[in-house]
Amino acid sequence: MTEAPRVSVDPFAVTVRGVGEPHPARAALRAAGHVVQAEAPAGGPAWIITDDTLARAALVHPGIVKDPAYAPAHWDPRTAGLEPTAAAQPSLTTLDGAPHERLRRAHRPLFTARRMAEYAERITAIARELLAGLDAEDTVDLMADFATRYPLTVVCDVLGVPLDRVDQAMAACRSMYSDDPEEVGRAMAAFADLAASALEKGAAGLAAELRDQVPAELTEPDLHYLIFTLIYAGQLTTDPSLGFLLAHVLDAGAQVPADDLVRETLRRHAPAPFTLWRFTSTDVELGGVRLPARSPVLVDIQGINTDPGRAIGPDLSFGAGPHYCTGAQLAQLELRALVEVLRTDFPAARLAVPYADLRQVDFGGIQGGRLTALPVRLRG
Ligand code: HEM
């Protein structure tokens with residue numbers, strides 16, 4: 001067994017670059033090895049997997065877990081952006097093994113392609129209404145409000161959160177970026193309030209269905225946390241992917257089927273560039289490399305997706321294994337609906353600046369990039 005090589009590049013740095021420019025660290029990580037060590041934002045080494053086969057093995061490995069209880073002892077949970085431990089807050093994103101599978105079983109029937117297809121017309125109507133509400137005579141920046149409002153309106157509608165609460169949801173999502181713990185605490189309280197509104201008597205939506213499916217020992221605040229996870233995860237990733245998708249549609253994608261455009265955009269601009277943090281619960285060997293217990297582990301989704309030597313086949317945009325994205329069907333449905341509505345309702349829409357002038361910012365840590373602006377002339 002060998003030690004993973006240490007890289008000097010910082011894959012967690014804040015970067016601003018052109019829309020087509022690859023992330024500066026990805027090729028260097030890949031060139032260094034299949035499992036490499038980089039300095040983690042919260043200090044100490046993080047083990048990053050840059051190879052597709054090893055990544056898929058890690059994502060089903062019983063000794064590589066999500067529970068933040070196994071995070072390095074010196075990590076400050078806030079700097080590291082960690083959730084509470086699984087014992088403190090059971091959730092899809094903190095549990096492992098059988099308790100995680102029980103929660104997945106509760107979510108699974110709600111988010112299948114067939115269930116999501118029932119929402120297709122409503123989602124199209126939301127895309128149509130929000131685009132029609134923009135100032136079509138002038139240049140609009142679709143990243144300013146639309147990119148956040150559209151996925152949040154969709155996820156609120158599907159869950160049964162009343163749509164007059166979308167502004168509250170937008171404010172709560174934005175506050176999650178704050179360095180001020182009190183502001184983040186207020187955002188979490190707002191999410192709990194949104195979840196409660198979807199569970200009120202008479203509310204119809206998937207949140208109420210989820211309540212009937214979850215294990216009986218789950219408390220009301222636990223249920224609120226599950227609904228928070230769906231709202232926040234539904235916005236965090238779909239929001240940035242909208243910018244890249246619309247930029248491709250308006251640049252050169254006029255003839256490309258919506259399905260292909262969505263898939264290719266998610267592969268090239270993976271909105272979750274890394275998986276969420278995982279930790280080794282014991283000493284682990286991966287691809288001949290030794291990972292001591294309590295090592296933080298990430299899969300480099302973006303690097304693997306854009307590896308020039310990658311074999312044709314499914315990419316890692318929505319992850320793999322037991323934590324595969326719950327909302328993958330919903331996300332793809334809403335992205336495709338948007339492409340269709342743009343094409344049918346705004347056939348003359350065009351970018352107001354050359355594609356090559358668009359810029360993206362990586363916010364640092366394990367967060368993905370987002371276009372800084374997307375100026376569009378909807379009526380040409
Ligand atoms: C383009 C949009 C999206 C992308 C690229 C994306 C990507 C991902 C990825 C990579 C993971 C796995 C993380 C890991 O293994 O550490 C994940 C998990 C998850 N996603 Fe998504 N996601 C998207 C949209 C959504 C939406 C719309 C929802 C809500 C309905 C959602 C809810 C979740 C949840 C709850 C998990 C945790 C699942 C678990 O740990 O068992 N996602 N997502």
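Apply the a/c threshold of 1.5 to the C-alpha gyration tensor of segment 232-380 and tell me whether it is rounded, prolate or oblate.
Cα axes put segment 232-380 in the prolate bin.
For the chain, just say rounded, prolate or oblate: build the C-alpha gyration tensor, square-root its eigenvalues into a ≥ b ≥ c, call rounded for a/c under 1.5, and beyond that prolate if a/b exceeds b/c, oblate if not.
Note, shape of the chain comes out oblate.
Using a 1.4 Å probe on the protein heavy atoms, what percent of the accessible area of the chain belongs to carbon and sulfur?
54
Looking only at the chain, where both bridge partners belong to it, what percent of the DSSP beta bridges are antiparallel (to the nearest 5)?
85
Pick out, from 266, 351, 156, the residue whose Cα sits farthest towards the positive end of the charge dipole of the chain, with +1 on the Cβ of Lys and Arg and -1 on the Cβ of Asp and Glu.
With unit charges placed on the Cβ atoms, the residue in question is 266.
Can you pull the accessible area of residue 61 for me, 1.4 Å probe, Å² to the nearest 10?
50
Using +1 on the beta carbon of Lys and Arg, -1 on that of Asp and Glu, and nothing else charged, what's the dipole of the chain about the Cα centre, debye to 20?
Dipole magnitude for the chain comes out near 740 debye.
Roughly how far apart, in whole Å, are the Cα centres of segment 143-220 and segment 28-76?
30
Using Cα-Cα distances under 8 Å and only pairs 6 or more residues apart, what relative contact order does segment 15-377 have, in percent?
28
Rounded if a/c is under 1.5, else prolate if a/b is larger than b/c, else oblate: which is segment 233-283, with a ≥ b ≥ c the root eigenvalues of its Cα gyration tensor?
prolate
Would you mind getting the accessible area per residue of segment 15-377, heavy atoms of the protein chains only, 1.4 Å probe, in Å²?
42
Taking the Cα centre of each part, how many Å lie between segment 252-288 and segment 292-325?
Value for the Cα centre distance between the two parts: 6 Å.
Under a crude label model (7 Å from the Cα following the beta-carbon direction), how far is residue 293 from residue 311 in nanometres?
With each label placed 7 Å out from Cα toward Cβ, I get 3.5 nm.
The values are calculated or read from the model by the stated rules, or taken from the named source; none is laboratory data. Quantities reported herein were computed from a predicted structural model and do not represent experimental measurements. Cβ coordinates were reconstructed from backbone atoms using ideal geometry, including for glycine residues, and neighbour counts include every protein chain displayed. Please note that ligands, DNA and RNA were not included when accessible areas were found on the heavy atoms of the full protein model with its side chains. Shrake-Rupley method; radii C 1.70, N 1.55, O 1.52, S 1.80 Å.
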